[in-house]
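What follows is a single structure, written as structure tokens, with notes after it.
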Amino acid sequence: MSLSRRSFFRTAGAAGVGLLSTDFMAARGREGFAGTELAAIDAALQGTPAKPGPIKISSNENAYGPGAAAVNAVRSVLGPVSGRYPTNVDDLTTAIAKRFEVDRANVLVGTGSGEVINAAVAAFTSPNRPLVEALPTWESPGRQAKAMKAPVKDVPVDADLKLDLAGMIAAAKGAGLVFFCNPNNPTGTVRSATEVAKFVEDVLASSPATTILLDEAYSDFVVDPSYGTGVPLAMKYPRVIVTRTFSKVHGMAGLRVGYAIGHPDTLKMIAPHRTGSMNVLSAAAAAASIQDTAHIAKQRDQNRATLDATVRTFTAGGYRVSDSQGNFILVDVKRPAKDFREACGRMGVMIGRDFPPLINWARISIGTSEEMRVANDVFKKVLLGSGTTASR
Ligand SMILES: Cc1ncc(COP(=O)(O)O)c(C=O)c1O
């Protein structure tokens, strides 16, 4: 983006229109703008490959997109190779197995981790075998369980917005699957490696037929030193699986690649419930990206610096922010998050959906540093502009 979205929105603000999309321009017509405005708009449009629009920090994506290694890998298969059915999915499986020092049989790839997670819900829950999850957490497993008429046991997060371990252990008795999201979306909080190991042991001791899914979609962003992957647990216990995705730190949400790590027999129970079909471009990109460890570390550091700056915007104003280890934060905006979201939206910044019952908490994904400079200005304006009301 040569002329930044930032200056684009500054222009938009100066024009008093809030948001200037190409649609908006079409509606208003070029003659409706002053010469300087037009020049800025034209420059912004030329410098922006995609249609300029709102800053989208609503879906916990990585706004920087894939790294150079992934992009080059896609280019290398874009010719005649992509005219054939994929033969490189095995290479991706091998690359993932190598990264975690497990066998290929311990890896199950899917078109996004969401596909693998839903397949696990389908495999292990039923009308007599509930799903246990935190409240709030990422909603897809709960939706899938309900679609299958499996009961869903919601265990509210604790006062620190962390997963309630004792509550989830109690709820897990007789359950088909425990969805354990670590870091948890939307709170971003983590449980330590020691806590997770103890949790797994306790659940398996009191409910040996229950499967535990450790969702590590955001694990590569974590900086808390007490955190550790659950992969060793998945290697030790057939009833434990770990899922991960290329949609977050790898910046490949649009390419749809995720995977599970676990015992071969457990993965064999999940595999038939997958519905997607991996394509040659996605497999190539993911195999390259997982080996690009320097790029991943850079993404993590970049995210953390921008996240910290965003947290400061809110804490400086007296707003409580969750201890997020992901690429998003959850903020008590002391008013319905819906009102805050709509006000930000009118100023060109799209933030996350509601996560009941935390209706006063807004989930904000971390965009590029430039996007977040604009977004933080908007947040301040919205918070100051509409005043504060007591938190409920
Ligand atoms: C916690 C968590 N798990 C899994 C996913 C699914 O990601 P994908 O299907 O893109 O791999 C998401 C997406 O936002 C998520 O937040």
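Inter-label distance, Arg75 to Asp265: 4.8 nm, where each label sits 7 Å from its Cα along the C-beta direction.
Once the other residues with Cβ under 10 Å from the Cβ of Asn118 are scored (Lys, Arg +1; Asp, Glu -1), what is the net sum? Here the count lands on +1.
Normalised by the number of residues in segment 68-292, the mean separation of alpha-carbon contacts (under 8 Å, six or more apart) gives a relative contact order of 31 percent. Counting Lys and Arg as +1 and Asp and Glu as -1 over every other residue whose Cβ lies under 15 Å from the Cβ of Gln144, the net charge comes to +1. In this structure, the amide hydrogen of Arg320, modeled 1.01 Å from its nitrogen in the peptide plane, lies closer than 5 angstrom to those of Asp332, counting only residues at least 5 positions away or on a different chain.
If you plug the beta carbon distance of Asp339 and Lys98 into 1/(1 + (r/R0)^6) with R0 = 51 Å, you get a FRET efficiency near 0.60.
Taken one residue at a time, the phi angles of segment 121-129 give Karplus couplings (6.51, -1.76, 1.60, θ = phi - 60°) of 4, 5, 6, 10, 10, 6, x, 9, 10 Hz. Gly and Pro are set to x.
For segment 212-222, backbone phi angles converted through the Karplus equation (6.51, -1.76, 1.60; θ = phi - 60°) give residue-by-residue couplings of 10, 9, 9, 8, 10, 4, 10, 4, 5, 8, 5 Hz, Gly and Pro being listed as x. Between amide H atoms placed 1.01 Å from N, distances below 5 Å from Val178 occur with Val132, Thr211, Ile212, Leu213, all of them 5 or more places distant or on a separate chain. Taking packing as the residue-averaged number of other Cβ atoms within 10 angstrom, the listed peptides 64-73, 119-128, 93-102 run from highest to lowest as 119-128, 64-73, 93-102. Loop-located trypsin sites (Lys or Arg not before Pro) in segment 225-333 (DSSP state not H, G, I, E or B) with no more than 15 neighbouring Cβ atoms inside 10 Å: Arg320. Computed on the Cα trace of segment 87-230, the radius of gyration divided by the Kirkwood hydrodynamic radius gives Rg/Rh = 0.97. Considered as an equivalent ellipsoid built on the Cα gyration tensor, segment 146-299 has semi-axes of 26, 20, 15 Å, the largest given first. Each other residue within a Cβ distance under 14 Å of Phe314 adds +1 if Lys or Arg and -1 if Asp or Glu, for a net charge of +3. For segment 304-374, a/c is not less than 1.5, where a ≥ b ≥ c are the root eigenvalues of the C-alpha gyration tensor, and a/b does not top b/c. That puts it in the oblate class. Amide H contacts under 5 Å for Leu135: Val155, Val157, restricted to partners 5 or more places along the chain or on a different chain, H placed in the peptide plane at 1.01 Å from N.
A short reminder: the numbers here are calculations on the coordinates, not readings from a lab. What you see is a predicted model, and the numbers here were worked out from it, not measured in a lab. Every residue, glycine as well, gets a Cβ built from its backbone with ideal geometry; the counts of neighbours run over all protein chains shown.
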